[in-house]
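Before any comments, here is the structure.
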Amino acid sequence: MNQDRNHNRVLDAIWGLDLDTLYCAQCRSVHLVSGGLAPEVCPVCFSSVTSVEAGNQSSGLRHEPPELIIPFQIDAQRARQALAGWLQASWLRPNEFNPELLSKRLRRYFLPLWLIDADVEAVWQAEMGYHYQAASFREHYQGGSWVSQQVEETRTRWEKRIGTLKRHYDNVAVPALEKHERWVSRLGGYDYRAYQPYSTSSIDASIIRVPDYAPDAAWMDAENAIDQIAARECMQAAGADQIRNWSMNATYTHLNWTQMLIPAYVTWYREGERYYPLWINGQNGHIDGVKLMSMSKAWLLAAAIGALAVLCFLLGAVLSIIGIGILLILLSLFSTATSGFGQHKTKP
Ligand SMILES: [Zn+2]
């Protein structure tokens, strides 16, 4: 790996830490690394150590520091214990698939989310649903006659509503990575309500993934997210129980993009030429990774079992031959004895 680091002084000053910028030519991911702890391999693709190198891609990074951060609730010690427990059930493990090495490689890792602030002015329309109780009668046959029974049921009355909205929205979270859903799904989900204000100490000795989903690309997600929040607010303001056929014609101004960081741990092992990552959710301890069986060890085991089988076969064959030999000797002796006895009896 090219260990040269590109210190970006602008980033350092704004984020409050010395940050190295790492660019992977293989998967094009960009990371900021604090504490001078550059990873041995790309934390995303792990395809090759030679694919990770420092570069000038930091010039394309947005310089805003994170606004919010979800703190680690699983400390490194608990993460290591969880990892050791997770490994226990696997057997014929590759040499590198051991708790000591995986713990040694364990790194704090932050995934990004965009946070958007916006002023919204809109005209909206929707159908608001209001629940009410209605009585009805059900007939059933009982004891030779029809019986009528009154039952209460919840029905919805729909009313068309049109209104205006003028609101400021703060910190609406939207994906900052193209594969955000896949990442969060692998890591078992997060409770975003546990956020805290960003502080320099919270990212110390960490790898921070840089967004690859630019605000322009993420705007559609942001608009949808604001749209859903507005619909929910208008439904509550109208005192309704349900909403349908919602539409909003809005203008958005004073857009401000910042980031929220969500915590994880990453470590990895190698079998043959391939790298296998293990991810741990820093909030709930969920572990994602492949429990690989070592093919070389499996082959050795298969060869040992095969050799044992051959040995058993040969031993059986030898014993059979010895057994047949003994039988032939006994038969020969018996035949000889019988023959001698017969000659003795017939002797004149
Ligand atoms: Zn990569």
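Would you check if there is a residue in the stretch 132-140 being in a strand (DSSP E or B), free of Cβ contacts under 8 Å to residues at least 12 places away in the same chain and acidic (Asp, Glu)? Steps first, answer last, please.
Our first condition is that a residue be in a strand (DSSP E or B); within the stretch 132-140, this holds for 132-140.
Then keep just the ones that are free of Cβ contacts under 8 Å to residues at least 12 places away in the same chain; that gives 139-140.
Cutting the leftovers down to acidic (Asp, Glu) gives us 139.
Yes, that holds for at least one residue.
Note on the stretch 1-22: residues that are outside any strand (DSSP E or B) and either modelled with pLDDT of 50 or more or within 12 Å of the ligand (Cβ to nearest atom) (or both) amount to 12. The residues in the stretch 225-255 that are more than 29 Å from ALA176 (Cβ to Cβ) and among the basic types (Lys, Arg) can be counted, and the count is 1. On inspection, LEU292 qualifies as more than 30 Å from ALA118 (Cα to Cα), modelled with pLDDT under 90 and of a type outside the set (Gly, Ala, Ser). When ALA194 is tested against the conditions (1) more than 15 Å from the chain's Cα centre (by Cα); (2) modelled with pLDDT under 95; (3) buried (at least 16 other Cβ atoms within 10 Å of the Cβ), the lone failure is (3).
When you check GLY188 against the structure, is it in a loop (DSSP other than H, G, I, E, B) and in contact (Cβ under 8 Å) with a residue 40 or more places away in the chain, yes or no? Outline the logic, then answer.
On the way: in a loop (DSSP other than H, G, I, E, B): yes; in contact (Cβ under 8 Å) with a residue 40 or more places away in the chain: yes.
It is true that GLY188 is in a loop (DSSP other than H, G, I, E, B) and in contact (Cβ under 8 Å) with a residue 40 or more places away in the chain.
I'd like the full set of residues that are assigned to a loop (DSSP other than H, G, I, E, B) and within 7 Å of the ligand (Cβ to nearest atom), limited to the stretch 23-44. Answer for the stretch 23-44, where residues must be assigned to a loop (DSSP other than H, G, I, E, B) and within 7 Å of the ligand (Cβ to nearest atom): GLN26, CYS27, SER29, CYS42, VAL44. When LEU101 is tested against (1) at pLDDT below 85; (2) farther than 23 Å from TYR213 by Cα; (3) away from the ligand (no atom under 16 Å from the Cβ), only condition (1) is not met. Taken together, VAL52, VAL33 contain a single residue that is modelled with pLDDT under 75, buried (at least 17 other Cβ atoms within 10 Å of the Cβ) and not assigned by TED's automatic domain parsing to the domain that holds VAL184, which is VAL52.
Considering the conditions (1) surrounded by 10 or more Cβ atoms within 10 Å (Cβ to Cβ); (2) in contact (Cβ under 8 Å) with a residue 12 or more places away in the chain, GLU152 is excluded by exactly one of them, (1).
The values are calculated or read from the model by the stated rules, or taken from the named source; none is laboratory data. Every value quoted in this text rests on a predicted model; they were computed, and no experiment measured them. With ideal geometry, Cβ positions are generated from the backbone for all residues, glycine too; neighbour counts draw on all protein chains shown.
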